[in-house]
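Taking it in order: structure first as structure tokens, then the write-up.
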Amino acid sequence: MFDSGFGGLTVARATIDLLPAEDLVYIGDTGRYPYGSKPLDEVQAYARELAWSLVRDYDAKAVVVACNTATAAGLDELRAELPVPILDVIGPGARALVQTTVTGRVGVIGTVGTMASGAYVRAVRDTGAPVVLTSSACPGFVEFVERGQTTGDEVTVLAERLLAPIREARVDALLLGCTHYPFLARTISEVMGADVTLVSSADETAFAIIDRLRPLGLLRDDERVGSHRFLSSGDVDLFRELGAQMLGRELDHTEHWEPSGF
């Protein structure tokens, strides 16, 4: 599993809880985050490097792209190139969103790169659900999370400004289209109001892992406790400190991952 930083730990948490027997290797590319403001071809190159590292260096039997921007930039290419199943967060999130709404007015927020790609527009359309989608980019959210600042006046002021188009659309379900955003759920919920249900793709992605791997005979069904390795391309001590606050006791050690320029 990989992400630009800490955000994918929401997916890691759901996966560990749902699949405790599985071994998990997580790479947070904190040395090169944030991805959302970078050109998609650059993010695509990062995603390719990270995915191949998981397969070649850590013998991954499947790779979860736990980053919406990386998914939007290069999912199809990864699926065509790598020899293992590649799972994403956009499809499961879109399906959860359309299943949550009552009014048919839904919203999605994400990074500039993800929103510009149109990936969520296509994913929601592919569900066939009769919904009206309003989307908005939220630059700055990821940076707050990566600093460990998830509440406070600065975050609230930014959220009120960025979420204004979504509020005006009167949505009743809002998909947090970046794996960092669940860490801001309290602030986002306060700004959006109690009538709006926040949808995270983390749990849905964990269920998608089961649905994809079980027919292939790749799931462990014994009672062993899986091992968990966490790596960072940036400051490993900071990653361990902040990551443990977000994930829990499993993240008590972090290793360094060095980009190879693959």
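Each value in this text was obtained by applying a stated rule to the coordinates, not by laboratory testing. All figures in this text were calculated on a predicted structure; none of them were measured in a lab. Positions of Cβ are backbone-derived with ideal geometry, glycine not excepted, and every protein chain shown enters the neighbour counts.
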### Message
Could you give the length gained by full extension between residue 161 and residue 80, i.e. 0.36 nm per residue of separation minus their alpha carbon distance, to one decimal place?
### Response
25.2 nm
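How would 257, 52 line up from fewest to most surrounding beta-carbon atoms within 10 angstrom? Present the calculation step by step, with values, prior to reporting the outcome.
Working: 257 26, 52 17.
Ranking 257, 52 by Cβ neighbours within 10 Å, fewest first, gives 52, 257.
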### Summary
Listed by chain and number, the residues whose amide H is under 5 Å from that of residue 22, excluding neighbours fewer than 5 places away on the same chain and using placed H, are 226
### Query
Under a plain spin-label model, where a point goes 7 Å from the Cα along Cα-to-Cβ, how far apart in nm are residue 23 and residue 121?
4.3
### Task
Kindly express, to the nearest 10 degrees and within the range 0 to 90, the angle between helix 68-81's C-alpha long axis and the longest C-alpha principal axis of the chain.
40
#### Entry: Over the chain: helical MRE at 222 nm, DSSP H runs n ≥ 4 each giving -39500 (n - 2.57), nearest 500
-14000 deg cm²/dmol
### Message
Under the rule of at least 5 residues apart or a separate chain, name every residue whose amide H is placed under 5 Å from the amide H of residue 198.
### Response
174
### Query
So for 249, 214, 240, fewest C-beta neighbours within 10 Å to most, what's the order?
249, 214, 240
### Query
What distance in nm separates the simple spin-label points at residue 129 and residue 170, each placed 7 Å from Cα in the Cβ direction?
2.0
## Note on the structure
Counting only residues 5 or more apart in sequence or on a different chain, those whose built amide H sits under 5 Å from that of residue 27 are 2, 3, 231
### Task
Taking the chain as the reference, fit the longest principal axis to its C-alpha atoms, fit the long axis of helix 236-247 to the helix C-alpha atoms, and give the angle between the two in degrees, 0 to 90, nearest 10.
60
### Query
Fewest to most neighbouring Cβ within 10 Å: what's the order for 233, 260, 201, 37?
260, 37, 233, 201
#### Entry: Nearest-ten-degree value, helix 153-162 long axis tilted from longest Cα axis of the chain
70
### Task
Would you compute, for the Cα atoms of the chain, the largest minus smallest coordinate along each principal axis and list the three values in descending order, in whole Å?
48, 39, 38
## Note on the structure
Residue span residue 190 to residue 57: 0.36 nm per residue of separation minus Cα-Cα distance leaves a gain in nm of 43.6 nm
### Summary
Karplus-derived 3J(HN,Hα) from phi for region 45-61 (6.51 cos²θ - 1.76 cosθ + 1.60, θ = phi - 60°), whole Hz, x at Gly and Pro, runs 5, 4, 4, 5, 4, 5, 5, 5, 4, 4, 6, 7, 8, 10, 6, 5, 8
### Pairwise label distance in nanometres, residue 256 with residue 154, each label 7 Å out on the Cα-Cβ vector
2.8
### Task
Largest first and to the nearest Å, give the Cα extent of region 130-228 along each principal axis.
48, 38, 22
### Task
Output ³J(HN,Hα) for region 197-213: one whole-Hz value per residue in order, computed from phi by the Karplus curve 6.51 cos²θ - 1.76 cosθ + 1.60 with θ = phi - 60°, and x for Gly and Pro.
8, 8, 10, 10, 7, 4, 4, 5, 5, 4, 5, 5, 4, 4, 4, 7, 8
